[in-house]
């Protein structure tokens, strides 16, 4: 039987005697596509955590946010989300350009306190490629025009390989508070400034 997951996890399941539990999870919760319930869950989310790595396996974890449904489900095997102007480093897209594998974690902190893992392969679409394909733009819900959001600099299209639940056991239940979102601002104070004192530490370490 070809089980989902990696050889490493299968070896550890055998070593730690969790094969029976893991197999039950694979059989009951592991899909190679998005079912309707998963699609609805994604459509209601305003954030997603993503993980990527370069061709040498150097990893990066990041965060994306937007209006509800900013990650669009094109079909049961395809997701699409926008990339907006940021700090110019382009760490996630740089990794994707070398290594298409991506992990996505959607979490509902406000009602169900459940998560959804989606793993797959990503490709970068330019704004021109997106605009030229009405099959893509016709399925996207854009932010309100008065939101201040700029046009995406690129789009990430994800082919879904795996989708499965993250249980609610340790996910906190939070209350959503009002916050003014300053979309695409360059104001250092509104962005958080040098909150972690990195500039000063860089100078100290260089001495």
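Just so it is clear, none of the values below were taken in a lab; they were calculated from the coordinates. Please read all numbers here as calculations on a predicted model, not as lab measurements. Note that each Cβ is placed from the backbone with ideal geometry, even for glycine, and that neighbours are counted across all protein chains shown.
I'd like the distance separating the alpha-carbon centroids of the stretch 26-67 and the stretch 88-166, in whole Å. Centre-to-centre (Cα) distance: 9 Å.
Can I get the semi-axes of the chain's equivalent ellipsoid? Compute them from the C-alpha gyration tensor as square roots of 5 times the eigenvalues, in angstrom, largest first.
Values: eigenvalues 183, 110, 75 Å².
Rounded to whole Å, the semi-axes are 30, 23, 19.
Taking the longest Cα principal axis of the chain as reference, the axis of helix 19-29 is set at about 60 degrees. Cβ crowding within 10 Å ranks 52, 78, 73, 18 as 18, 78, 73, 52, fewest other Cβ atoms first. Could you list the residues of the stretch 107-125 with an amide nitrogen less than 14 Å from a label point located 7 Å from the Cα of residue 62 in the Cα-to-C-beta direction? Answer for this model: 122-125.
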